[in-house]
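The values are calculated or read from the model by the stated rules, or taken from the named source; none is laboratory data. Please read all numbers here as calculations on a predicted model, not as lab measurements. Cβ sites come from the backbone with ideal geometry, for glycine too, and all protein chains shown count toward neighbours. Note: accessible area is taken over every heavy atom of the protein model, side chains too, but ligands, DNA and RNA are not part of it. Shrake-Rupley method; radii C 1.70, N 1.55, O 1.52, S 1.80 Å.
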Amino acid sequence: MPSRLDKKVVIISGAAMGQGEAHARLLAEAGASVVLGDIDTARGQKVADEIILAGGSAHFAKLDVSSAADWENIVAEAIRVFGKVTGLVNNAGITSAGSVLDCSDETWHRVISVNQTGVFYGMKTVAPAIIDAGGGAIVNTSSTLGFFASPAAYAYQATKGAVRTMTKSAALSLGVQGVRVNSVFPGLVDTPFIDHHRNNSALDNSISRTPLGRIAQPQEISQAVLFLLSDDASYVNGAEIVVDGGMTSGSLGSLTPAGAKEAE
């Protein structure tokens, strides 16, 4: 039986660690050729090498998602190495702290450039290649804070709310050209971001409000991404998949980020 992502070629941003790394490993296991993009070239290349050693198909290319030129380059690299592009996972992101009064201009523009402009560049640059390949899928990463407000993390939640509506708009314009566009909304995930909050009362409070009573493992988010990229989701377009253990089914126990830090 063929693997679920056989003959798929997927670009993943922020793939050097955390959720992006988990996505790359799982998608490769499912048969996809994965193109890992990240600003951390050493770590990104290491992950790509490990995927290849495990029998997968992978390639690394430096990617600053706020750079249109880097996006053009990674698409060209994907086509050079694998001949086409059929999918994109817009995963890279950074967090922020501070309310509307506390958010600095520098933090605001930096978070917007990565979390929102990076998604825009990704879709704008990769979608034409997917169309040329005969169609495929894009998965954008939002957050539970794309649904609900928090007094802190003002810039972060602004971008994640934007990604939600950007995804729906792109689904309308790209769906007719054979490109499905959907979004995932992770809750608390066991990535390096959480390391700043272990043994923290805010984190403990958020976990206590999660019906499943624990933090997600990155691979649990990756399973939703895999589904959306696969032909199993051939009629899923403009959808939102929430992977939060049920946290947003009731009152949201928000995790307040400790500071603007790369969370790829």
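Mean separation of Cα pairs under 8 Å and 6 or more residues apart, divided by the residue count, gives segment 1-111 a relative contact order of 28 percent.
A straight Cα-to-Cα reach below 12 Å connects K84 with the aspartates and glutamates D132, residues fewer than 8 places away in its own chain not being considered.
The angle between the Cα long axis of helix 117-132 and the longest principal axis of the Cα atoms of the chain comes to about 20 degrees, rounded to the nearest 10.
For L229, the solvent-accessible surface with a 1.4 Å probe is about 10 Å², rounded to the nearest 10.
As I understand it, the value is the acute angle between the Cα axis of helix 41-53 and the longest principal axis of the Cα atoms of the chain; what does it come to in degrees, rounded to 10? For 41-53 against the chain, the angle is about 60 degrees.
For Q217 and D6, what is the calculated FRET efficiency with R₀ set at 22 Å and r taken between the beta-carbons, to the nearest 0.05? Kindly include the intermediate steps, with their values, before the conclusion.
On the way: r = 25 Å, r/R0 = 1.14.
Once rounded, the FRET efficiency stands at 0.30.
The loop-placed chymotrypsin sites (Phe, Trp or Tyr not before Pro) in segment 76-158, going by DSSP, that have at most 15 neighbouring Cβ atoms within 10 Å of their Cβ come out as F148.
Placing unit charges on each Cβ (+1 for Lys and Arg, -1 for Asp and Glu) gives segment 42-124 a dipole about its Cα centre, and among G87, S66, G122 the Cα reaching farthest toward its positive end belongs to G87. Among the lysines, select those whose C-alpha is under 17 Å from the C-alpha of K62, and discard any that sit fewer than 8 residues away in the same chain. Leaving aside lysines fewer than 8 places away in the same chain, those within reach of K62 are K46.
In the chain, what % of DSSP beta bridges are antiparallel (nearest 5)? Spell out each step's value before the answer.
Details: 1 of 30 bridges.
The antiparallel fraction comes to roughly 5 percent.
A probe of 1.4 angstrom, applied to the heavy atoms of all protein chains, finds K124 with accessible area near 130 square angstrom.
Solvent-free Debye calculation, one equal scatterer per alpha-carbon of segment 1-147: log10 I(q)/I(0) at 0.13, 0.15, 0.17 Å⁻¹ equals -0.55, -0.71, -0.89. Here the label points at D231 and S173, each 7 Å from Cα along the C-beta direction, are separated by 2.9 nm in the simple model.
Given a 1.4 angstrom probe, what's the average accessible area per residue across the chain, in square angstrom?
Numbers: 11140 Å² over 264 residues.
Roughly 42 Å² per residue, with all protein chains present.
Helix 68-82 versus the longest principal axis of the chain: what is the Cα-based angle in degrees, 0 to 90, to the nearest 10? The angle comes out near 40 degrees. The stretch between K46 and E240 holds 66.7 nm of extra length on full extension. This uses 0.36 nm per residue minus the Cα-Cα distance.
Report, in deg cm²/dmol and to the nearest 500, the calculated mean residue ellipticity at 222 nm for the chain, where each DSSP H run with n ≥ 4 adds -39500 (n - 2.57) and the sum is divided by the residue count. Numbers along the way, then the final one.
Working: 8 runs with 105 residues, N = 264.
Result for the chain: -12500 deg cm²/dmol, rounded to the nearest 500.
What is the chain's relative contact order, in percent, from Cα pairs under 8 angstrom and six or more apart in sequence?
Reported relative contact order: 21 percent.
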